[in-house]
1. Go through the range 63-74 residue by residue and tally those that are open to solvent by less than 50 Å² (accessible area, probe 1.4 Å) and more than 24 Å from ASP104 (Cβ to Cβ).
2. Would you pick out the residues in the range 109-138 that are charged (D, E, K, R) and either within 11 Å of the chain's Cα centre (by Cα) or in a strand (DSSP E or B) (or both)?
3. Mind checking which residues of the range 108-138 are open to solvent by less than 100 Å² (accessible area, probe 1.4 Å) and among the acidic types (Asp, Glu)?
4. If you go through the range 43-62, how many residues are closer than 15 Å to GLY76 by Cβ and open to solvent by 40 Å² or more (accessible area, probe 1.4 Å)?
5. Considering only residues that are touching a Pro at 6+ places or on another chain (Cβ under 7 Å) and part of a strand (DSSP E or B), look in the range 11-42 and name the one that is most open to solvent (accessible area, probe 1.4 Å).
6. List pairs: first residue in the range 31-42 and more than 14 Å from SER19 (Cβ to Cβ) and touching a residue at least 24 places away in the same chain (Cβ under 8 Å), second residue loosely packed, with under 12 Cβ neighbours inside 10 Å and not small (Gly, Ala, Ser) anywhere in the structure, Cβ distance under 9 angstrom, at least six positions apart or on different chains.
7. Any chance the range 93-113 includes a residue that's over 19 Å from ALA14 (Cβ atoms) and in contact with a helix residue (DSSP H, G or I) (Cβ under 9 Å, 6 or more places away or on another chain)?
8. Select from the range 85-107 the residues that are surrounded by 13 or more Cβ atoms within 10 Å (Cβ to Cβ), modelled with pLDDT under 95 and either of a type outside the set (Gly, Ala, Ser) or part of a loop (DSSP other than H, G, I, E, B) (or both) and list them in ascending order.
Amino acid sequence: MSHRPQDPQHQDPAVIGWSHGDHAVRWSHADRTVEKEFAGPTQAALAWGSRVLVVEALDDTPYTPTDNAVVYEADGTELVRLRPPRDLVAEPSWVFGFFTAHLDSEGRPVLVIATQVGDFWGHPDLATGTVVDVQEWR
């Protein structure tokens, strides 16, 4: 059985040098480092598969944009900006946006959605740019 070295262009990214609150997220891909700068402090950054998910600063002011999570391809190309479902609670303005993200036991990203009346979680749907399988966060 021969063992071929993995093609560096197809290596999964790895987040490096990031801490909660940083204004930049860096990850390694192939033989280079990709860096994205953000206006505010970041809430979460994680790599899974061939993608990187970043949760930007949460603005809980009513009627402000709630699409504060973005998914990048490993090379730094923006794939999709995620929006939380607006029908989670009685008043859409009570949905503030994404609070954080982590990987579940199966290695899938989980996003936590902050609302005025409690938090919810779900998995990103990259085709629609929203979150599915939403449940109350306990």
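1. 1
2. Listed by number, the residues that qualify are ASP119, ASP125, ASP133, GLU136.
3. ASP119, ASP125, ASP133
4. 2
5. SER28
6. Within 9 Å, the pairs are LYS36/GLU78.
7. No - not one qualifying residue is present in the range 93-113.
8. Result: PRO85, ARG86, LEU88, VAL89, PRO92, TRP94, VAL95, PHE96, PHE99.
The values are calculated or read from the model by the stated rules, or taken from the named source; none is laboratory data. Owing to the predicted nature of the structure, the values given are computational and were not obtained by experimental measurement. Methodologically, a virtual Cβ is constructed for each residue, glycine included, from the backbone with ideal geometry; neighbour enumeration extends over all protein chains shown. What goes into the accessible areas is simple: the full protein's heavy atoms, side chains included, and nothing from ligands, DNA or RNA. Shrake-Rupley method; radii C 1.70, N 1.55, O 1.52, S 1.80 Å.
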